[in-house]
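Take a look at the structure below.
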Amino acid sequence: VRNGELSLVATYPELTDGGLSFSPAVLSADGDQIAFASDLPLGFASGGLAQIYRYDATVGAASLSCISCRPDGATTTEIGSISPLTLTGAAVVGTMSSDGRRVIFTTSSRLVPDDTNGVLDAYLWLDGELHLISSGRSPINSYASGASADGAELYFTTAESLVPQDIDNGVADLYSATVGGGFAAAADGD
């Protein structure tokens, strides 16, 4: 409901095989933007696979975009998810920034040239542009895990060692990627 008018964003699929084939929607703080996963054909080259969609009620006639579909318009051949739990019907709180400008998600689709590993990677959609958050080079899956309310801190898990302090020999770790940041050097003894 916006300005007293009710609008249909998308139709969710029915229950299949005793489970849900969609995830709950995540909303911006004011509810004007919604991100959700769906495997229904919503007018994009999704290949019939679950993809991440973003609805924006603030632009003219409102808009629905597929943020995990391939940017070149080719049919997507991989599933996208808002979180590692999406396909079981759960979503991690904080996958969309409070202003709706940022959405963090997971896909094995190659959406940017730096993603060369063919496995799951964490991505950021920011104002219509895609950014790889995990390295895109590890042979092991990486997952979007959430974001701070303002979207300046993006969280993802990976077993890849991305900083010298990560010496656990391939155990999955939680990383924080800061918009405009880098890796802080650890103090001696840390």
**Asked** Taking the stated definitions as given, is residue 167 β-branched (Val, Ile, Thr), surrounded by 14 or more Cβ atoms within 10 Å (Cβ to Cβ) and at pLDDT 80 or above?
**Response** no
**Request:** Hey, could you check the stretch 65-100 for residues that are closer than 20 Å to residue 132 by Cβ and touching a Cys at 6+ places or on another chain (Cβ under 9 Å) and say which is modelled with the lowest pLDDT?
**Result:** 80
**Request:** Can you run down the residue pairs with Cβ atoms below 7 Å, 6 or more apart or on separate chains, where the first is in the stretch 54-76 and touching a residue at least 60 places away in the same chain (Cβ under 8 Å) and the partner is open to solvent by less than 20 Å² (accessible area, probe 1.4 Å) and part of a loop (DSSP other than H, G, I, E, B)?
**Result:** 54/67
**Message:** Among the listed residues 35, 62, identify the single one that is modelled with pLDDT under 75, out of contact with any Gly (no Cβ under 7 Å at 6 or more places or on another chain) and among the aliphatic types (A, V, I, L, M).
**Reply:** 62
**Request:** Go through the stretch 120-151 residue by residue and tally those that are open to solvent by 40 Å² or more (accessible area, probe 1.4 Å) and not in a strand (DSSP E or B).
**Result:** 9
**Item:** Residues being free of Cβ contacts under 8 Å to residues at least 12 places away in the same chain and closer than 18 Å to residue 122 by Cβ - total across the stretch 23-53
**Value:** 0
**Prompt:** Identify, please: which residue in the stretch 171-190 is surrounded by 12 or more Cβ atoms within 10 Å (Cβ to Cβ) and in a loop (DSSP other than H, G, I, E, B) and is, among those, modelled with the highest pLDDT?
**Reply:** 172
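The values are calculated or read from the model by the stated rules, or taken from the named source; none is laboratory data. Computed from a predicted structure; not experimentally measured. Cβ atoms come from the backbone with ideal geometry, glycine included; neighbour counts cover every protein chain shown. These area figures cover heavy atoms from the full protein model, side chains too; ligands, DNA and RNA do not enter into them. Shrake-Rupley method; radii C 1.70, N 1.55, O 1.52, S 1.80 Å.
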